[in-house]
Amino acid sequence: MKKITIALLATSVLLGCLSCNKDFHEVYAPDELGVPESEFYVDAEGGDVEIEFLANKVGDIYLVEPEDASWAQIIGGTFEADGTVKVHIQPNAGFRRSADIRLETPTRKVTVTVFQEGGVEDKFYVAASSMVAYNGQGGLNTVLTDIAVPLDEIQTEIRHSGDDDWVTDLTVGSSTLTFRTADNPDKSYMRRALIVLTYIDGWKREQTAKITVIQPRTDNQIGTEFSAEQLRKVATAGGYILPEDAIIEGYIVSTNEFGNAGDAVVDDYFQGTGAIDYTLTERTSYLVSKEGYGFRMIATDAGMNDFERFSYIRLKVGGAIIRKSLGEPVYYTIDGIESYNMLTSEDATLTMPRKVKSIDELTDDDINTLVTLKDCEFAMRKGPFTPVNEGYGTACGYNRKNKVPTLFRDKKGGSMYMFTNMTCTYRRNGETLPYGSGNITGIVVHEDYKSFEKDGNIGRYQLRHLTREEIDLKKDFKDNFSEIITEFRYAKFPGEFEETILENPILATKGNGELCHTYSGVNNYSPSYFYIGECGNNRKNKVAAGAGIELEDGSIYAPWENSKSSQNDDGKGWYSADCMLSWSNKNWWDSDNSRGYCWLVNFSTEGIHSDHVSMQFAMYNNSQSARSPRYWKAQYSLTTTDCSPEADDKWIDIAEFTVHDVAMWEKSGVKYQNDWQTLGTRVYDFPLPLEVLNKESVSIRLMPRNNKAAKKDISSYDSSTIANGTGYNTMDYFAVRYNK
């Protein structure tokens, strides 16, 4: 007898409730019935299945379908308490089969299913399942099949696009499928029908085959073909309606399986009572022409977006609207698509042209196409794909956050943001982000993100990943094109006798270096949202997954284990300030000298040579009172750590940048949020001049370049001034890296 294979699927143990009032407290025993495993899998040779259960009342065990007793015998039929019931499964020489077993008390029912493999393989294959096209004449038509399931259990349906039932006499056989078509008398239009075959196998799983039958018009023409160039030529910003017989063709390069194919629109930031239109991403697909031009396609509903990824299709698009973007960069969208109008479809997995580029090689013609970006890495080694406050998202029952941009960079020094929807199934799956480098494949898009920049512009191009496997980065940092000079992922302090260069600093957690704040050192810490496990109302008090910080010895950094404060107790994915995963300060403006205080970092690059060196950091303004610095600059010095006005001539500009504010949950009892506020950190990447290499001492400072800030009531973006004591700025990460 072979070993039984069991898939463990947990089901909840149903408990009763406690009843009390102010005068007395009475506890009732829970009415309990549950199973730790609800699905069992057995091979064709059969064997014994042991079903464990919890119960505190008398009950029965029986087969839901009595005829299943011919091959599944329950040993014993009643119970009085917790126990185990044995089910003997006979050998199976036929097709797959399954049996439902019911455990029942007077007040509870639990169902367990046993699935058994069959000695005969279920075959349900139709050779022309994607397309069959015929000329305008009627007649008998044959399609090859390979079907080895009971033919009388196959359900058939013919769906005609018009009123005429011109496809008739459908017969399904094990090796052929036949049907008759009537002549098409129409001189103007082709016609289309869909044959649908459905079979429910022994495991109660539906198998479906679809055959699209296309019949040209009388002149044997199907319609008017629109090439990619013609589509781009007729497109307007207002939209051009394609003629009724319009046909397009190309490769389907997307999948919406993991909830990240397209954008999602927030209906109401301010009240939080609106909705996020996630149907938009469910309706989104991308079609790429043979010439490599891409089109975003929006279906009329999610059911009309069931294209096969990596198929080459011909699609009727009469009445759909093609638009081009208003302004630069130019890209194209076709709205009103229905997969029901697909004329032909063939697998192109092995034949489809593929783009492989570096970030600096992208052009506007790559927008809405699938591109593999080579030699990439994530810019921050910390947290999940979406390090934000889940309390504003759908997982916690609110609709004020739809997507998050994460920064990645490549070996040549390019960087760009990657969008992850708040419904992406693997965005917080408990796995640490890969630290190594490799390729990232996704759809190149141009989407606004006003939470980072008021005008929404966060670069000419962004990437939408479609599957976790296509983020093909090595797990370990040792398998990377870069090396770290200095990195700060959490607060690490000098030892009692350790000398430091800066005042009141924290130390680098990898490499060498120190970081401080020039007003009062690093003396404040902020809550952070780096929990990498699943979040939401049903995921409270889950902290075992960690914050995505793996140490050099392979262990997980876990300061929360000794913390007195709780983490993720409300399912928002947070860690408390006393975990010191983020550091902050609330004093940013030196009024006496009309200049900003700053974050100051000092490190050594002695002995290091490379063709590229760069700086990454993550930052946000985290006070709901606003009035934190909006406009910043980054500078470096090779000669000083002095940040006083007298030493300004020793500092050299690196870049200017803006820092966003976090969202305000409510104001005067009203839920309130501007679109230029966000819920977590932003990651930045800036190249550094090669002259910083091979130096004993290098200093970098990040400081406000003026006194502008948002108003306290967040009614404006930058019309107020920085307020010391309230205007917090938080840094989550800082690193300097070079190419090996």
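The values are calculated or read from the model by the stated rules, or taken from the named source; none is laboratory data. Source: prediction; values computed, not measured. Every residue, glycine as well, gets a Cβ built from its backbone with ideal geometry; the counts of neighbours run over all protein chains shown.
If you go through the range 72-122, how many residues are in a strand (DSSP E or B) and either out of contact with any Asp or Glu (no Cβ under 9 Å at 6 or more places or on another chain) or surrounded by 13 or more Cβ atoms within 10 Å (Cβ to Cβ) (or both)? If you could, list the steps in order and put the result at the bottom.
Just the residues of the range 72-122 that are in a strand (DSSP E or B), to begin with: 72-75, 78-79, 83-89, 97-104, 109-116.
Filter once more, so that each one left must be either out of contact with any Asp or Glu (no Cβ under 9 Å at 6 or more places or on another chain) or surrounded by 13 or more Cβ atoms within 10 Å (Cβ to Cβ) (or both): 72-74, 79, 83, 85, 87-89, 97-104, 109-116.
Number of matching residues: 25.
Which one of the conditions (1) modelled with pLDDT of 95 or more; (2) closer than 13 Å to Ser285 by Cβ; (3) touching a helix residue (DSSP H, G or I) at 6+ places or on another chain (Cβ under 6 Å) does Thr333 fail to meet, given that it meets all the rest?
Among (1) modelled with pLDDT of 95 or more; (2) closer than 13 Å to Ser285 by Cβ; (3) touching a helix residue (DSSP H, G or I) at 6+ places or on another chain (Cβ under 6 Å), the lone unmet condition for Thr333 is (3).
Buried (at least 20 other Cβ atoms within 10 Å of the Cβ) and in a loop (DSSP other than H, G, I, E, B): is that true of Arg400 in this structure?
On the way: buried (at least 20 other Cβ atoms within 10 Å of the Cβ): yes; in a loop (DSSP other than H, G, I, E, B): yes.
Spelling it out, Arg400 is indeed buried (at least 20 other Cβ atoms within 10 Å of the Cβ) and in a loop (DSSP other than H, G, I, E, B).
Mind checking which strands (runs of 3 or more DSSP E) fall wholly inside the range 324-390 and carry at least 1 residues that are under 27 Å from Phe686 (Cα atoms)? Spell out how you get there, then give the answer.
On the way: elements: 332-337, 342-347, 355-357, 370-378.
In the range 324-390, the matching strands (runs of 3 or more DSSP E) lie at 355-357, 370-378.
Does any residue of the range 265-277 turn out to be assigned to a strand (DSSP E or B) and farther than 26 Å from Arg428 by Cα? Even if it seems obvious, please write down each step before you answer.
Keep residues of the range 265-277 that are assigned to a strand (DSSP E or B), which gives 265-266, 276-277.
Now restrict to residues that are farther than 26 Å from Arg428 by Cα: none.
Scanning the range 265-277 turns up no residue that is assigned to a strand (DSSP E or B) and farther than 26 Å from Arg428 by Cα.
Thr168: hydroxyl-bearing (Ser, Thr, Tyr), over 43 Å from the mean Cα position of the chain (by Cα) and outside the structural domain of Asn341 (by TED's automatic domain parsing), yes or no? Spell out the reasoning first.
Details: hydroxyl-bearing (Ser, Thr, Tyr): yes; over 43 Å from the mean Cα position of the chain (by Cα): yes; outside the structural domain of Asn341 (by TED's automatic domain parsing): yes.
Yes.
From the list Gly303, Gly319, Gly294, which one is small (Gly, Ala, Ser) and surrounded by 18 or more Cβ atoms within 10 Å (Cβ to Cβ)? Break it down into steps so the answer makes sense when it comes.
On the way: Gly303 fails: surrounded by 18 or more Cβ atoms within 10 Å (Cβ to Cβ); Gly319 fails: surrounded by 18 or more Cβ atoms within 10 Å (Cβ to Cβ).
Every option except Gly294 fails the conditions.
Regarding Leu194, is this residue more than 35 Å from the chain's Cα centre (by Cα), in a strand (DSSP E or B) and surrounded by 14 or more Cβ atoms within 10 Å (Cβ to Cβ)?
No, not satisfied.
For the range 371-390, does any single residue satisfy the condition of being among the aromatic types (Phe, Trp, Tyr), touching a residue at least 60 places away in the same chain (Cβ under 8 Å) and not assigned by TED's automatic domain parsing to the domain that holds Gly250? Talk me through it step by step, then tell me what you get.
Of all residues in the range 371-390, those among the aromatic types (Phe, Trp, Tyr) come to 378, 385.
Of the ones still in play, those that are also touching a residue at least 60 places away in the same chain (Cβ under 8 Å) are 378.
The next check asks that each one be not assigned by TED's automatic domain parsing to the domain that holds Gly250; those that pass are 378.
Yes: the range 371-390 contains one or more residues that are among the aromatic types (Phe, Trp, Tyr), touching a residue at least 60 places away in the same chain (Cβ under 8 Å) and not assigned by TED's automatic domain parsing to the domain that holds Gly250.
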